[in-house]
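Written below as structure tokens is the structure these notes are about.
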Amino acid sequence: PLQSLFSIIRMNVKAFNNKGIQLTVQETDISVKADKVLTLFLINTIVDNARKFTPEGGEVVVSATPCDSYEGYAEVSITDSGEGMTQEKADHLFDYGTIVDQKEDLTEQKSHGFGLMNCRGIMDRYRKTSELFSRCEIKAESEKGKGTRIFFRLPMAVRAMLVVLLSMLPT
């Protein structure tokens with residue numbers, strides 16, 4: 001259940017309040033088929049980056065919804081009202097060569113590059129594990145001056161159980 005992970009993230013509210021940022025963690029009843037520790041790492045890393053790049057008076061929102069484009073998947077989303085970036089930079093946010101290749105804004109890239117590269121590595125590993133995880137991915141949407149939304153997709157637990165049950169049926 002994502003709610004148990006969201007409750008852990010909510011415990012970071014003091015770090016956000018100290019910086020004058022509102023942390024909103026929405027309630028969810030969605031469960032995903034994924035490693036609990038790795039999923040918590042994903043969420044926490046992205047939330048921490050959002051805190052770093054959101055100015056005083058801003059907000060970071062954590063949510064989970066069923067994915068519109070892929071039935072049986074959930075989308076976990078972290079949206080901030082921070083400084084944002086160009087969509088071109090957001091498209092390469094998870095690239096392994098980002099820190100070396102983007103000489104401008106090197107300081108910004110160093111401050112969040114390795115954590116996000118690890119997030120991408122987790123999602124890559126999931127996709128290689130089983131067909132169930134074939135549509136797992138992590139992406140960023142951003143606009144300079146308007147904040148960033150980073151989201152990742154995982155299979156919902158109900159779908160995972162159905163796949164297992166269907167695979168047990170005689171052919």
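The values are calculated or read from the model by the stated rules, or taken from the named source; none is laboratory data. Bear in mind that the values here come from a model prediction, so they are computed numbers and not experimental data. Cβ coordinates were reconstructed from backbone atoms using ideal geometry, including for glycine residues, and neighbour counts include every protein chain displayed. Accessible surface is based on the protein model in full, side chains and every heavy atom, while ligands, DNA and RNA are left aside. Shrake-Rupley method; radii C 1.70, N 1.55, O 1.52, S 1.80 Å.
Here the condition is being modelled with pLDDT of 90 or more, under 17 Å from ARG149 (Cβ atoms) and touching a Ser or Thr at 6+ places or on another chain (Cβ under 9 Å); of VAL60, VAL32, it holds for VAL60 alone.
For region 28-48, indicate whether the set of residues that are open to solvent by 70 Å² or more (accessible area, probe 1.4 Å), over 12 Å from LEU154 (Cβ atoms) and over 14 Å from the mean Cα position of the chain (by Cα) is non-empty. Yes: one or more hits.
Within region 49-94, the set of residues being touching a residue at least 60 places away in the same chain (Cβ under 8 Å), open to solvent by 20 Å² or more (accessible area, probe 1.4 Å), outside any loop (DSSP other than H, G, I, E, B) and of a type in the set (S, T, N, Q) comprises just one member, THR79. A count restricted to region 96-129 and to residues that are at pLDDT below 85 and within 17 Å of THR148 (Cα to Cα) stands at 6. Could you say whether any residue in region 5-28 is in contact (Cβ under 8 Å) with a residue 24 or more places away in the chain, among the basic types (Lys, Arg), touching a helix residue (DSSP H, G or I) at 6+ places or on another chain (Cβ under 7 Å) and outside any loop (DSSP other than H, G, I, E, B)? So far as region 5-28 goes, no, none of its residues is in contact (Cβ under 8 Å) with a residue 24 or more places away in the chain, among the basic types (Lys, Arg), touching a helix residue (DSSP H, G or I) at 6+ places or on another chain (Cβ under 7 Å) and outside any loop (DSSP other than H, G, I, E, B).
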